[in-house]
Amino acid sequence: MKAKALILLAILVAGSRLCGAVLTNADIIKMAEANLNESIILSSIENSEPGFDTSPQGLIELSAAKVSPTLISAMITRASAPAQPAASASEAATEEAPAVEPMSPSEVFIIDDGEPRGMRYLNPQMRTAARALGMGGVASYAVLRGHAANERISDPQPSFLVSVPNQSQVESYVTVASFAVRKNNSREVLVGGGYMSYSSGIHPDRVMAISTERAEDQSRAHKGFTIYKITPSRPLKTGEYAVIVYSSEMQSLVGAWFTGTGNSYFDFGVDP
């Protein structure tokens, strides 16, 4: 019976820290007088909140109560150990907050009705054709499969979030263009041509004027990139469009994210 009582006492004292209790000289003296195993008392000292009196008078009283030098030394060590500082509110918030995943340079988000959602890009096929039986020179077209984009919106003036390399000017990296729908189940835009000389780039008649601004939230910006909000300057007419990211010109920077070697076309359609 006495052995059970001693074991219970040891368990209660060892768990005193969890209960918010403070272990004192009197507790150590009681356990020593109860002839508890020294290893149990040492464990209690190491794992409890110390409230020991290690002044000269306190040490004299411990010695007079037959507390062993080993236990007294452990009490002194525990009492002199620095308390663990409580985490500040900002540190706690940082630890609990999930890591924000950077916005990949291959992502473009469309903001329709105030809600951003990811778009999917495709690499166009290129078509070259002679104009006016060759008398009008040669024209090149970027061709998208299908007569209509899967991404459909009703807002004629949507905004887009685009991750732009810091070395690039936004207008030279992103274009919003309108596409002509052809009878062969495709959409296309003129990207180059000429008669006596050849020039490249989307025809100005197909380029939509845009306004650009640095997005307020840059928490998802990938290293070396800045997130921009891009909006057509005027409402778009009903039809087929694409946000064109010139990833081929910046292949050394964005090639790790884009699977194709050409420019990337994030197509969408504006419905009535």
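A cut-off of 5 Å between modelled amide H atoms, ignoring neighbours fewer than 5 places along the same chain, links A221 with M103. Between D271 and V138, the simple label model (points 7 Å from Cα in the Cβ direction) yields a spacing of 4.1 nm.
Label separation (E38 vs S248): 8.3 nm, computed from points 7 Å beyond Cα along the C-beta direction. Among T175, T238, a tally of other beta-carbon atoms within 10 Å of each Cβ gives an order, fewest to most, of T238, T175. The simple Förster model, with R0 at 51 Å and r as the Cβ-Cβ distance, assigns Q157 and E49 a FRET efficiency of 0.20. The H on the amide N of E49, modeled in the peptide plane, is under 5 Å from the matching H of R17, L23, each at least 5 residues off or on a different chain. Ordered by the count of other Cβ atoms within 10 Å of each Cβ, fewest first, Y246, Y141 give Y246, Y141.
Taking 0.36 nm per residue of sequence separation and removing the Cα-Cα distance, the K66/T238 pair yields an extension gain of 52.4 nm.
Net charge of the neighbourhood of R117, taken over other residues with C-beta under 14 Å away and scored Lys/Arg +1, Asp/Glu -1, is -4.
Note on R152, R127: ascending count of other Cβ atoms within 10 Å places them as R152, R127, the fewest first.
None of the figures in this text is laboratory data; all of them are computed from the coordinates on show. Since we're looking at a predicted model, the values are computed, not measured. Here the Cβ is made from the backbone with ideal geometry for all residues, glycine too, and neighbour counts use every protein chain on show.
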